[in-house]
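The values are calculated or read from the model by the stated rules, or taken from the named source; none is laboratory data. Source: prediction; values computed, not measured. All Cβ positions, even for glycine, are placed from backbone atoms using ideal geometry, and neighbour counts span all protein chains on display.
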């Protein structure tokens with residue numbers, strides 16, 4: 001038995017924040033000194049590297065668990081199922097619920113429990129739990145759902161990826177321009193159709209030297225309370241790590257699936273940084289002695305930014321619903337999901353729609 005996605009849903013926040021909206025920010029370096037060039041130059045260089053023109057932030061009255069619930073409702077409706085029949089709700093995030101201007105994350109009760117409560121599910125056998133796995137969290141949640149279903153422990157799971165990164169960024173760090181908010185959800189079920197669904201997967205965690213490439217640190221503004229922490233990253237180290245390890249993991253996953261690379265229609269890669277994503281996919285094809293095909297890598301980052309665990313399920317949902325210009329998915333297409341993020345964690349899935 002394989003597993004397949006029988007329903008998908010997403011929530012794209014309404015608040016649009018463009019690169020121009022950072023014009024009045026005071027960007028500092030790691031020492032707390034002002035950067036030596038203007039915000040206009042910073043924004044132009046940022047767009048050329050990341051591909052991001054704008055991103056989405058949630059309204060002040062919404063939390064991560066709220067937008068996850070919206071996406072979950074849509075996925076359940078899309079699947080045409082009764083929520084009471086869910087065996088597991090697996091919620092991937094990294095920072096919990098963070099209220100505007102708060103200094104603590106809230107993860108008690110778990111965000112999965114809150115979504116189950118909002119869905120008004122009474123069934124106690126529907127087990128709800130969170131996973132913290134960096135940006136690859138939703139992909140890992142799908143892999144866990146497959147394990148439950150294949151083992152006979154479950155028949156139907158809901159996997160969610162949601163984040164409100166706008167609440168954990170240091171406004172004095174230019175890397176804050178990368179991050180955004182969003183939620184994606186998928187209903188996962190078993191399928192007797194052996195040549196469809198998840199065909200193969202791989203996961204790896206690199207922690208010996210790489211564990212702290214993404215971390216929580218104080219603001220670059222040393223006048224602010226250094227006990228309040230924000231998401232920080234060593235961008236160059238992450239870039240080099242991703243290029244050295246992700247293409248190989250993708251190659252391994254494709255080989256396990258038995259699918260020929262020419263039959264791979266799309267690669268839905270974590271929307272982290274356009275230049276990095278392009279380099280990863282180019283290197284993946286280079287490992288097979290091929291050039292990267294045109295239009296094989298759909299991108300939503302230009303308008304939605306990097307919403308961490310939400311990027312892949314959101315991208316998948318937008319494509320299925322015909323909401324991503326010039327990109328589409330059709331029954332029978334073979335696609336790959338691939339992600340890299342804090343941990344450092346890597347994973348990939350080969351999936352036939």
Answer yes if at least one residue in the stretch 265-279 is surrounded by fewer than 21 Cβ atoms within 10 Å (Cβ to Cβ) and in a strand (DSSP E or B), and no otherwise. yes
Kindly indicate whether any position in the stretch 210-228 is part of a helix (DSSP H, G or I), surrounded by 15 or more Cβ atoms within 10 Å (Cβ to Cβ), at pLDDT 95 or above and outside the structural domain of residue 100 (by TED's automatic domain parsing). no
When you go through 202, 259, 187 one by one, which is the residue that is outside the structural domain of residue 83 (by TED's automatic domain parsing), farther than 22 Å from residue 50 by Cβ and in a strand (DSSP E or B)? 202
Conditions (1) closer than 19 Å to residue 269 by Cβ; (2) touching a helix residue (DSSP H, G or I) at 6+ places or on another chain (Cβ under 9 Å); (3) assigned to a helix (DSSP H, G or I); number of the one not met by residue 143: (2)
Is there any pair with a first residue in the stretch 148-162 that is free of Cβ contacts under 8 Å to residues at least 12 places away in the same chain and a second that is assigned to a strand (DSSP E or B) whose Cβ atoms are under 8 Å apart and which are 6 or more apart or on different chains, and what are they? none
Among the residues listed as 61, 21, the single one being within 22 Å of residue 96 (Cα to Cα) and modelled with pLDDT of 90 or more: 61
Looking only at the stretch 114-132, decide whether some residue is without any contact (Cβ under 8 Å) to a residue 12 or more places away in the chain and surrounded by fewer than 23 Cβ atoms within 10 Å (Cβ to Cβ). yes
For the stretch 213-237, which positions are out of contact with any strand residue (DSSP E or B) (no Cβ under 7 Å at 6 or more places or on another chain) and closer than 16 Å to residue 133 by Cβ? none
Among the strands (runs of 3 or more DSSP E) confined wholly to the stretch 4-116, which include 1 or more residues that are within 30 Å of residue 196 (Cβ to Cβ) and in contact with a helix residue (DSSP H, G or I) (Cβ under 7 Å, 6 or more places away or on another chain)? 88-92
State which residue is surrounded by the most Cβ atoms within 10 Å (Cβ to Cβ) when the search covers only the stretch 153-184 and only residues that are touching a helix residue (DSSP H, G or I) at 6+ places or on another chain (Cβ under 7 Å) and part of a helix (DSSP H, G or I). 165
